[in-house]
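The values are calculated or read from the model by the stated rules, or taken from the named source; none is laboratory data. Given the structure is predicted, the values throughout are model-derived calculations rather than measurements. Quick reminder, even Gly has a Cβ in these numbers, built from the backbone with ideal geometry, and neighbours come from all protein chains shown. With ligands, DNA and RNA removed, areas are computed over all heavy atoms of the protein, side chains included. Shrake-Rupley method; radii C 1.70, N 1.55, O 1.52, S 1.80 Å.
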Amino acid sequence: MKRAIFEKFGRPERVIKVIEEPDPLPGSGQVRVRNYVMTINPADILLIEGRYGAEPIALPATPGVGAWGVVDAIGEGVTRLAIGDAVLPVGGGLWSDTVIVDEQMAPKAPIGVDPEQAAMMRANPSTAYLMLRGIVSLKPGDWIVQNASNSNVGLMVIRFAKEMGLRTINIVRRADVVEKLEDEGADVVIVDDGTQDLALAIRALSAVPPKLAFDAVGGTATRALAASVAEGGTVVVYGLLSGEENSIAARDLVFRGIIVKGFWLADWFRTATNDRLKDLNTFLAKNLAMGFLQTEVEKRYPLSKVSEAVTHAGQANRFGKIILTGEHNA
């Protein structure tokens with residue numbers, strides 16, 4: 001089997017490498033999964049750089065939180081899965097063409113859905129959907145604002161918001177993505193070149209101040225969003241692309257009652273009830289089958305070329321996701 005690891009934090013293309021190990025055997029209650037598709041998400045890059053906000057990890061470590069694979073061996077006591085079942089492994093360390101997971105951590109993949117799309121089903125669409133549905137009570141006609149709007153989470157926010165009857169203001173850094181976002185249903189797109197007062201621009205372009213903001217950037221971007229939302233509004237921080245600590249003016253925090261809170265999908269999955277998990281998976285599978293969650297893939301790399309893949313994933317001018325493929329595909 002092949003597995004990507006990093007032994008120290010640093011620039012992903014410099015510290016990530018692939019090692020070969022003997023195939024592991026599943027224990028009691030476990031299954032062995034051959035991964036054919038592995039996703040690359042911003043959290044994976046931050047993890048390798050040592051900038052991810054979770055608890056410290058032991059090195060060497062393997063990134064990866066999204067995959068599509070096929071069960072090829074089962075341990076004693078496994079009853080729900082059989083050899084040949086397609087699954088979406090849950091957990092970390094998935095940049096490996098072979099993984100061992102507990103049976104309950106390998107939900108079956110939706111039937112008849114493209115493996116690449118299925119592998120991307122959980123992380124980004126779940127984040128967008130849960131932030132829209134579970135934090136602030138919204139009604140049709142309400143405005144929301146977000147940055148990093150051409151990210152996959154940003155695109156899903158636009159799609160879900162449109163279905164909910166919400167209006168969206170979308171901040172990007174590149175003029176070449178404006179038309180794409182408008183085609184997706186964005187109401188307003190602002191190209192932030194760093195020269196304008198972003199908060200004023202947001203308020204000028206919305207009929208009423210936004211009730212809710214999504215921040216994937218951090219630093220002064222948080223400050224601008226907090227200044228743009230309505231009194232008592234909420235800013236949800238779910239990323240830190242700038243690498244800078246979140247900033248907010250005392251006026252907004254103290255005198256305008258702005259709420260700043262974080263959202264971490266892994267924590268939601270850890271604390272969600274079985275009913276909520278089932279509801280989310282049903283919603284995602286249904287929308288994936290309908291093509292509503294379709295995500296563009298820019299390029300695919302075999303796992304053995306993971307260094308090239310993370311370099312490509314870190315480029316600012318790409319339009320689609322970068323995918324790793326298992327060596328079984330060769």
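Would you pick out the residues in segment 212-247 that are touching a residue at least 40 places away in the same chain (Cβ under 8 Å), among the hydrophobic types (A, V, I, L, M, F, W, C) and more than 21 Å from D193 (Cβ to Cβ)? Of everything in segment 212-247, those that are touching a residue at least 40 places away in the same chain (Cβ under 8 Å), among the hydrophobic types (A, V, I, L, M, F, W, C) and more than 21 Å from D193 (Cβ to Cβ) turn out to be L212, V229, V236, L240.
Taking the conditions (1) among the charged types (D, E, K, R); (2) open to solvent by 20 Å² or more (accessible area, probe 1.4 Å); (3) in contact with a helix residue (DSSP H, G or I) (Cβ under 7 Å, 6 or more places away or on another chain) in turn, E179 satisfies each one other than (3). Take N147 and tell me if it is open to solvent by less than 30 Å² (accessible area, probe 1.4 Å) and at pLDDT below 95. Against the criterion (open to solvent by less than 30 Å² (accessible area, probe 1.4 Å) and at pLDDT below 95), N147 does not qualify. Of all the numbered requirements in (1) over 20 Å from V65 (Cβ atoms); (2) at pLDDT 90 or above; (3) of a type outside the set (F, W, Y), N274 misses one, and that requirement is (2). Checking each residue in segment 116-164 for being within 28 Å of S96 (Cα to Cα), out of contact with any strand residue (DSSP E or B) (no Cβ under 6 Å at 6 or more places or on another chain) and not in a helix (DSSP H, G or I) picks out M121, R122, S151. Applying a threshold of 8 Å to beta carbon distances and a minimum spacing of six or more residues, or different chains, the list of pairs starting in segment 165-188 at a residue that is part of a strand (DSSP E or B) and ending at one that is aromatic (F, W, Y) reads R167/W143; T168/W143; I169/W143.
Each row is one residue, and each column tells you yes or no for (1) under 23 Å from Y36 (Cβ atoms); (2) open to solvent by less than 80 Å² (accessible area, probe 1.4 Å); (3) at pLDDT 90 or above; (4) not in a helix (DSSP H, G or I).
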| position | (1), (2), (3), (4) |
| --- | --- |
| K261 | no, no, yes, yes |
| D267 | no, yes, no, no |
| R270 | no, no, no, no |
| D279 | no, no, yes, no |
| L284 | yes, yes, yes, no |
| N287 | yes, yes, yes, no |
| L293 | yes, yes, yes, yes |
| K299 | yes, no, yes, yes |
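Out of curiosity, is R80 open to solvent by 10 Å² or more (accessible area, probe 1.4 Å), of a type in the set (K, R), within 19 Å of N41 (Cα to Cα) and out of contact with any His (no Cβ under 8 Å at 6 or more places or on another chain)? So R80 fails the test. Taken over segment 211-233, the criterion of being out of contact with any Asp or Glu (no Cβ under 6 Å at 6 or more places or on another chain), of a type outside the set (A, V, I, L, M) and buried (at least 22 other Cβ atoms within 10 Å of the Cβ) is satisfied by F214, D215, S228, G233.
Results for (1) without any contact (Cβ under 8 Å) to a residue 12 or more places away in the chain; (2) closer than 30 Å to S242 by Cβ, shown as yes or no for each residue.
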site	(1), (2)
R3	no, no
M38	no, yes
L46	no, yes
G50	no, yes
A58	yes, yes
A82	yes, no
L94	no, yes
P110	no, no
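Look at segment 315-330: where a residue is within 29 Å of V99 (Cα to Cα) and assigned to a loop (DSSP other than H, G, I, E, B) and a partner is open to solvent by 80 Å² or more (accessible area, probe 1.4 Å) and at pLDDT 85 or above, sitting 6+ places away or on another chain with Cβ atoms under 6 Å, you get G320/E296.
Please work out which residue is farthest from T295 (Cα to Cα), limiting yourself to segment 34-51 and to residues that are part of a helix (DSSP H, G or I) and open to solvent by 10 Å² or more (accessible area, probe 1.4 Å). So that I can check it myself, show each step before the final result.
Residues of segment 34-51 part of a helix (DSSP H, G or I): 42-49.
Still in the list and also open to solvent by 10 Å² or more (accessible area, probe 1.4 Å): 42-43, 45-47, 49.
Values: P42: 15, A43: 18, I45: 19, L46: 22, L47: 23, E49: 26 Å.
In this case the residue turns out to be E49.
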